[in-house]
Amino acid sequence: MNRVSGSLLAVVASGIPAGFVWWGLGRPAQWLATERGLVLTEENATGRFQVVAVFTVVGVVLGLVAGVAVQRFTRSAQWQTVVGLAAAASAASLLCWRLGVWLGPSSPRDATGLEVGDVVRDQFAVDTIVPFLLWPLAAVLSYTITLYLSSDGVEDDEPDDEVSERSAP
């Protein structure tokens, strides 16, 4: 296994700790048990947005770190690395999402034995594709910027510690 493959597999595997972070920081919506059944009040509904926002922030941070790490570790400036990084970040997002859903609370519809006033936490859910797209976008963007700003393969024309002939009196 070469450096690029190992780096990309590490990016995919980073979806596991990201799932635990998402699960730990996410606060899902809370349903309130009433005489008519479960009700999602406006105040308790903010958890739906918060769970998606935390997933997005975790993904963007992970993508930024992954892009820089892959570029610095592999020193590869090939288009295949960029495509692989986008695929690896996408796989990490899916792994994080599945782990968070699995660790999080079950569906409120499955709750039994509720009394009036009980609160039931909603499932972890990401109901749009945009957060999943931001993971690879952040990774590729940070990879590209890091590659652009790096000085790999560029040599100075003049040594720093010597005085050039042009600057001598």
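Might you let me know whether the stretch 24-31 holds any residue that is open to solvent by 30 Å² or more (accessible area, probe 1.4 Å) and at pLDDT 90 or above? Yes; the residues of the stretch 24-31 include at least one that is open to solvent by 30 Å² or more (accessible area, probe 1.4 Å) and at pLDDT 90 or above.
Screening the stretch 119-138 for residues that are in a loop (DSSP other than H, G, I, E, B) and closer than 18 Å to residue 32 by Cα and picking the one that is modelled with the lowest pLDDT gives 122.
Taken as a whole, the condition of being assigned to a helix (DSSP H, G or I), at pLDDT 80 or above and hydrophobic (A, V, I, L, M, F, W, C) applies to residue 65.
The values are calculated or read from the model by the stated rules, or taken from the named source; none is laboratory data. In this text, all values refer to a predicted model and were calculated from it rather than measured experimentally. Please note that ligands, DNA and RNA were not included when accessible areas were found on the heavy atoms of the full protein model with its side chains. Shrake-Rupley method; radii C 1.70, N 1.55, O 1.52, S 1.80 Å.
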